[in-house]
Amino acid sequence: MTSAPHRPPARCRVLPAGENGSLWEARPSCGIFEFRGTRLRLMVDDPWEVLFPTDCGLSLLSALDDVDAPVLEGVNALDIGAGSGLYSVALLAAGAERVTALDVNPASAAQTVANVMANGLDGSRLTCVTSPLEEYTTHERFDLVITNPPHLPYDPSYARTDGLETALVARRGGRAVYDAVVDRVDGLLVPGGCLLMAHSSLADVPRTLAELTSRGYASETLEVFEMDIPLLAYAEHRETLQLRLKELRAEGRAEFDGSRFTVHALMFRRPTGAARR
């Protein structure tokens, strides 16, 4: 099969070094952002249970806040790794007909519902599911799948069982959820449906592009953001984390410079004639 063409990014944005949440208007107790003309607020009750969204996650919404971005009105969407509900809130505010918020962390559901209701949105259009993506079963397919997978490599020295780890750390060199999304996406998207992904350069962007384009997906990099690696959360194990990242870079599976990396806001369009996997 001939791979679908990949369109390069329209722009690259460098976020100031050493700043926390420079895409947010306000942080950290309450995050305020504007998406497609609507001012929205995000809160987390316990940041150790549910991670407050980082710039990595918000970058995808920033890239989608553009006249050339895909239509969101009326879509049936799946939010993989919903966390605090950042994407679910934004999609509902932008006119999505229905959103299913999926997360392995049981604390995510209540936090997502709370943020949807706090923004005055219709909670009846939201469904929350607690499950790993690999075990998630559904008889429906979605117009849109959106995700910001965990992207830091696993190491037992800093492994935890709280919401922070499930949001930031993944096995298989940080690729566990990326691989699960790639493996499941044909069965989750309608033909012609759209996958939107905030993809960290620490987790092998070329591999994801190659795997999906080889299956006929049209791909486009909406925007690239350069920002700080979130080392503050792992200050006690900073050297171990950096060692794991350097090992991945030596293997050609990660790209970063010092403490800076990039997040690629990617859009993939499923071919209309693709068979379900």
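The values are calculated or read from the model by the stated rules, or taken from the named source; none is laboratory data. In this text the structure is predicted, and so the values were computed from the model without any measurement. For neighbour counting, all protein chains shown are included, and Cβ atoms are generated from backbone atoms with ideal geometry for every residue, glycine included. Accessible surface is based on the protein model in full, side chains and every heavy atom, while ligands, DNA and RNA are left aside. Shrake-Rupley method; radii C 1.70, N 1.55, O 1.52, S 1.80 Å.
Looking at region 203-247, which of its residues are among the hydrophobic types (A, V, I, L, M, F, W, C) and surrounded by fewer than 20 Cβ atoms within 10 Å (Cβ to Cβ)?
Taking region 203-247 first, the residues among the hydrophobic types (A, V, I, L, M, F, W, C) are 203, 205, 209-210, 212, 218, 222, 224-225, 227, 229, 231-233, 235, 241, 243, 245.
The answer is LEU209, ALA210, ALA218, LEU231, LEU232, ALA233, ALA235, LEU243.
Would you be able to tell me the number of residues in region 41-59 that are open to solvent by less than 10 Å² (accessible area, probe 1.4 Å) and under 17 Å from THR130 (Cβ atoms)?
Residues in region 41-59 being open to solvent by less than 10 Å² (accessible area, probe 1.4 Å) and under 17 Å from THR130 (Cβ atoms): 1 in total.
From the set of residues in region 20-36 that are touching a helix residue (DSSP H, G or I) at 6+ places or on another chain (Cβ under 9 Å) and assigned to a loop (DSSP other than H, G, I, E, B), which is modelled with the highest pLDDT? If you could, list the steps in order and put the result at the bottom.
Quick first cut of region 20-36, residues touching a helix residue (DSSP H, G or I) at 6+ places or on another chain (Cβ under 9 Å) only: 20-24, 31, 33, 35-36.
So of that shortlist, the ones also assigned to a loop (DSSP other than H, G, I, E, B) come out as 20-24, 36.
Details: ASN20: 57, GLY21: 57, SER22: 69, LEU23: 80, TRP24: 77, ARG36: 94.
The qualifying residue modelled with the highest pLDDT is ARG36.
Within region 75-87, restricting attention to residues that are part of a loop (DSSP other than H, G, I, E, B) and of a type outside the set (Ser, Thr, Tyr), which residue is surrounded by the most Cβ atoms within 10 Å (Cβ to Cβ)? Lay out the reasoning, then the answer.
Narrowing region 75-87 to residues part of a loop (DSSP other than H, G, I, E, B): 75, 81-85.
Pick out the ones that are also of a type outside the set (Ser, Thr, Tyr) and you get 75, 81-83, 85.
Details: VAL75: 21, GLY81: 22, ALA82: 31, GLY83: 29, GLY85: 33.
Filtering first and then ranking leaves GLY85.
Under 9 Å between Cβ atoms, which residue pairs at least 6 apart in sequence (or on different chains) link something in region 236-264 that is under 19 Å from ASP55 (Cβ atoms) and among the charged types (D, E, K, R) with a partner that is assigned to a helix (DSSP H, G or I) and open to solvent by less than 60 Å² (accessible area, probe 1.4 Å)?
The qualifying pairs are GLU255/SER201; GLU255/LEU202; GLU255/VAL205.
Identify, from the list VAL99, VAL71, VAL75, VAL116, the residue that is of a type outside the set (Phe, Trp, Tyr) and more than 24 Å from ARG270 (Cα to Cα).
It is VAL116.
Would you check which residues across region 148-171 are within 18 Å of the chain's Cα centre (by Cα) and exposed (fewer than 15 other Cβ atoms within 10 Å of the Cβ) and list them?
ARG171, the sole residue that qualifies.
Does at least one position in region 111-127 carry a residue that is open to solvent by 60 Å² or more (accessible area, probe 1.4 Å), of a type in the set (A, V, I, L, M, F, W, C) and out of contact with any helix residue (DSSP H, G or I) (no Cβ under 8 Å at 6 or more places or on another chain)?
yes
Taking the options ALA167, ALA96, ALA109, ALA90, name whichever one is outside any strand (DSSP E or B), under 21 Å from ASP55 (Cα atoms), without any contact (Cβ under 8 Å) to a residue 60 or more places away in the chain and among the aliphatic types (A, V, I, L, M).
On the way: ALA167 fails: without any contact (Cβ under 8 Å) to a residue 60 or more places away in the chain; ALA96 fails: under 21 Å from ASP55 (Cα atoms); ALA109 fails: under 21 Å from ASP55 (Cα atoms).
The match here is ALA90.
Return the residues of region 130-147 that are open to solvent by 40 Å² or more (accessible area, probe 1.4 Å) and either in a strand (DSSP E or B) or closer than 23 Å to SER62 by Cβ (or both); say none if nothing qualifies.
Selection gives THR130, ASP143.
Between residues in region 121-142 that are within 12 Å of ALA82 (Cα to Cα) and residues that are among the basic types (Lys, Arg) and open to solvent by less than 70 Å² (accessible area, probe 1.4 Å), which pairs lie under 9 Å by C-beta distance while being six or more apart or on different chains?
LEU133/ARG184
Identify all residues within region 52-82 that are closer than 20 Å to MET117 by Cβ and modelled with pLDDT under 95; write none if there are none.
Of everything in region 52-82, those that are closer than 20 Å to MET117 by Cβ and modelled with pLDDT under 95 turn out to be PHE52, PRO53.
For region 225-232, indicate whether the set of residues that are part of a loop (DSSP other than H, G, I, E, B), acidic (Asp, Glu) and touching a residue at least 24 places away in the same chain (Cβ under 8 Å) is non-empty.
no
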